[in-house]
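The values are calculated or read from the model by the stated rules, or taken from the named source; none is laboratory data. Given the structure is predicted, the values throughout are model-derived calculations rather than measurements. FYI the Cβ positions are ideal-geometry reconstructions off the backbone, even for glycines, and counts take in every protein chain you see. Protein only, heavy atoms only, side chains kept; ligands, DNA and RNA dropped before computing areas. Shrake-Rupley method; radii C 1.70, N 1.55, O 1.52, S 1.80 Å.
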2 protein chains.
Amino acid sequence: MMINAVVIGAGSWGTTVAHVLAHNVPTTVWAREPDVAGEIRDKHTNSRYLAGYDLHPDLRATADIAEAVSHADVLVMGVPSHGFRSTLEQAAEHLRPWVPVVSLAKGLEQGTNKRMTEVINEVVPGHPFGVLTGPNLAKEILGGGAAATVLAMSDATVGARLQEVFATDLFRVYTNDDVVGCELAGALKNVMAIASGMADGLGTGDNTRAAVITRGLAELSRLGMAMGGDPFTFAGLAGMGDLVATCVSRQSRNRHVGEELGKGRTIEQVIEDMHMVAEGVKTVSVVRELSIQYGVEMPIAEEVYRVINEGQSAAEAYRGLLGRRQRREMHGIDGSE
Amino acid sequence: MMINAVVIGAGSWGTTVAHVLAHNVPTTVWAREPDVAGEIRDKHTNSRYLAGYDLHPDLRATADIAEAVSHADVLVMGVPSHGFRSTLEQAAEHLRPWVPVVSLAKGLEQGTNKRMTEVINEVVPGHPFGVLTGPNLAKEILGGGAAATVLAMSDATVGARLQEVFATDLFRVYTNDDVVGCELAGALKNVMAIASGMADGLGTGDNTRAAVITRGLAELSRLGMAMGGDPFTFAGLAGMGDLVATCVSRQSRNRHVGEELGKGRTIEQVIEDMHMVAEGVKTVSVVRELSIQYGVEMPIAEEVYRVINEGQSAAEAYRGLLGRRQRREMHGIDGSE
């Protein structure tokens with residue numbers, strides 16, 4: 001079975017996944033901007049998002065969404081959550097029946113509070129769907145480093161075949177049948193990365209960072225499990241793995257946003273200086289609504305929400321967390337009092 | 001109830017815990033070397049292990065183990081695993097009945113494969129016992145940073161009282177009733193920190209580090225659960241938290257050992273240059289025996305064992321891990337095939 005892969009979106013991660021796919025199968029990346037498509041096609045580079053890295057020479061690129069999508073045997077959505085639905089709607093009319101749709105986005109839809117695979121199901125019902133997610137910093141992969149990721153598809157047969165399409169010797173793909181958990185883990189960890197970055201910006205050390213990551217994973221696992229995710233997913237590459245990579249890496253945008261907030265800048269100032277999307281900034285509002293809806297206590301996410309949406313300082317947020325009562329570690333988690 | 005705390009061992013972590021305790025209760029630290037005891041007593045510093053940091057002025061110190069132990073209402077064992085039993089045997093004859101004994105060690109006893117609280121039970125049976133463990137880099141705590149830790153005692157009433165003895169505004173103590181899991185987590189994470197350091201020394205990036213940490217936690221959780229630990233413990237501060245701090249911190253000795261191995265040095269060369277103990281170097285042999293005894297697959301620990309004990313290079317170890325089959329992420333963990 002010959003598979004044509006099409007990636008929608010030529011940002012840093014979409015382009016990187018397209019580069020990986022091009023090692024295995026004929027691959028096309030769709031870029032909204034014709035100059036980006038032209039550069040990928042002609043020079044095998046994407047200087048806007050991945051300056052200094054060479055892309056696979058066989059990777060094709062186009063700015064014509066009809067041309068790209070009509071040849072797709074797998075559609076990979078490398079678009080951030082806020083543009084996900086509208087872009088998929090553009091693609092939908094060109095998509096052949098039964099073609100699986102894989103989300104790369106790590107956010108939730110504002111307004112509806114939906115996961116991206118829920119959006120896929122609404123826009124192109126009947127297509128197998130899923131998510132590719134894990135500790136995958138784009139530039140390290142383009143630089144030739146090893147990375148491990150998780151592919152969770154609604155259909156296990158499709159998932160097993162796509163595992164071979166995505167995997168290379170250095171890009172290790174593990175399958176998981178928990179689409180909901182994988183997707184939530186990817187979205188929720190960005191909120192915790194902002195918190196971890198805030199602690200960094202305030203000048204705290206590795207002890208605090210480890211505590212924020214650990215308590216952050218407990219928080220996101222609680223909400224994720226309440227929403228139907230599998231606890232093993234949150235303990236795995238899509239949960240803990242991605243959380244750790246995002247919280248420790250200098251390359252993470254969400255951690256960077258937190259660090260700047262920790263240094264005392266406002267969210268408006270921080271966003272103005274970035275030309276890429278930090279999903280956690282918008283997702284934190286959705287997470288807060290979900291935590292109320294599902295009755296899950298999320299003290300770290302709550303403090304991040306206040307800093308981003310209510311003008312609280314990062315220093316106040318940190319003091320708020322330190323002021324909480326010291327009690328049993330697994331209070332509210334393991335079922336006992 | 002007035003409690004006199006006594007810490008046995010004036011290495012970096014024993015001294016730091018004594019410094020924290022001195023904020024709350026009368027505290028004495030016992031140093032094997034009289035000059036270390038004298039310096040702590042007279043200058044409130046410990047330049048051999050904690051150069052540049054001031055200790056609490058009320059912290060007492062002595063090199064007379066009988067004097068120290070005979071006044072103890074809680075005995076805190078800040079001695080590495082290889083000297084734990086013999087030092088406790090020296091202390092035992094001076095210890096009053098019912099005095100709780102808390103281990104700070106993060107290793108397992110070579111030869112017997114025992115946990116430190118098992119050693120406590122053998123040397124001073126009848127005493128309440130437990131462990132204090134978590135993501136706690138000593139110098140950050142002395143520098144005034146916040147940290148969270150876990151106290152697991154065999155007796156919950158004793159644990160609740162000791163929580164107040166150890167806790168300060170910045171040193172946050174959570175209780176946990178899983179002594180076995182907390183103790184195993186602290187010991188096993190040092191092996192994984194060596195693996196993470198090896199990857200660093202080989203020049204890999206944050207993606208690989210996050211994958212090693214995540215897969216390493218899965219491994220140590222598998223063995224820890226087989227030995228009676230609670231899965232929640234491994235997902236908490238004593239497990240994941242300590243693992244993350246150790247694997248990312250420049251201050252971790254075990255990570256440092258791994259990094260030097262990753263750069264191609266031999267274990268003999270690395271150890272010769274260190275004047276402190278890296279517990280993971282010896283614990284990995286115990287862990288390997290336990291993994292065979294309990295029938296738990298531990299590919300990362302196995303590769304660390306080969307590098308340390310069989311002269312395999314770190315590069316070969318890394319290739320060995322990358323050569324493993326890509327399959328379901330939770331293969332062998334979640335009970336399904």
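What to note about this one:
- 0 to 90° range, to nearest 10: angle between helix B:299-309 axis and chain B longest Cα axis: 70 degrees
- Kirkwood hydrodynamic radius computed over segment B:152-231 comes to 14.5 Å, based on all pairs of distinct alpha carbons.
- Local charge for A:GLU33 was computed over the other residues whose Cβ lies under 10 Å away, with Lys and Arg +1 and Asp and Glu -1, and equals 0.
- With the label put 7 angstrom out from Cα along the Cα-to-Cβ vector, B:MET274 ends up 3.7 nm from the copy partners, going from closest to farthest.
- Net charge contributed by nearby residues that have their C-beta within less than 9 Å of A:ILE300 (K/R +1, D/E -1): -2
- Segment A:210-259: mean projected area of Cα convex hull, nm²: 3.5 nm²
- Candidate cross-link partners of A:LYS43 among the lysines, defined by an alpha-carbon separation under 28 Å and a same-chain spacing of 8 or more, comprise A:LYS139.
- Inter-copy separations for B:SER313, label at 7 Å along Cα-Cβ, nm, ascending: 5.3
- Beta bridges from DSSP with both residues in the protein assembly as shown: antiparallel share about 15 percent, rounded to the nearest 5.
- Using a simple spin-label model with pseudo-atoms 7 Å out from Cα toward Cβ, B:MET274 and B:ALA92 lie 2.9 nm apart.
- Alpha-carbon radius of gyration plus Dmax, which is the widest Cα pair, for segment A:138-291 in Å: 16.1, 50
- Compared with its chain on its own, segment B:248-274 contains the following residues whose accessible area drops by 20 Å² or more in the full protein assembly (probe 1.4 Å; ligands, DNA and RNA excluded): B:VAL248.
- Taking amide H as placed 1.01 Å from N in the peptide plane, the amide H of A:VAL150 sits under 5 Å from that of A:THR133, A:GLY134, A:TYR174, each at least 5 places away or on another chain.
- The interface between chain B and chain A buries about 4200 Å² of solvent-accessible area in total (1.4 Å probe, ligands and nucleic acids excluded).
- Helix A:279-293 axis, angle to chain A major axis (alpha carbon atoms, nearest 10°): 60 degrees
- For the residues B:LEU95, B:LEU220, B:LEU290, a GNM of chain B with alpha-carbon springs under 10 Å puts the largest fluctuation on B:LEU290.
- Volume of the convex hull of the protein assembly as shown (Cα atoms only), normalised per residue: 147 Å³.
- In this structure the protein assembly as shown gives 37 Å² per residue of accessible area when probed at 1.4 Å with all protein chains present.
- Annotation note: GluC sites (Glu not before Pro) in segment B:65-130 located in DSSP loop regions with a Cβ neighbour count of at most 14 within 10 Å are B:GLU93.
- Within chain B, helix-based [θ] at 222 nm, where runs of 4 or more DSSP H residues each add -39,500 (n - 2.57), nearest 500: -15000 deg cm²/dmol
- Other residues lying with their Cβ under 10 Å from the Cβ of B:ARG288 contribute a combined charge of -1, Lys and Arg counting +1, Asp and Glu -1.
- Bridging of B:LYS114 to lysines at a Cα separation below 21 Å is possible for B:LYS106, B:LYS189, B:LYS282, once same-chain residues fewer than 8 apart are set aside.
- Carbon/sulfur fraction of accessible area - segment B:94-146, other protein chains in place, 1.4 Å, %: 52 percent
- Nearest-first distances (nm) between copies at B:ARG161, label 7 Å from Cα via Cβ: 6.8
- Simple Cβ-charge dipole of segment A:221-337, Lys/Arg +1 and Asp/Glu -1, about Cα centre, in debye nearest 20: 280 debye
- Folded to 0 to 90 degrees: helix B:156-166 orientation relative to chain B principal axis, Cα: 80 degrees
- Shielding of peptide B:196-207 by partners, expressed as the average count of other chain Cβ atoms within 10 Å per residue Cβ, is 5.
- Per atom type, segment B:235-337 shows carbon and sulfur on 46% of its accessible surface, probed at 1.4 Å.
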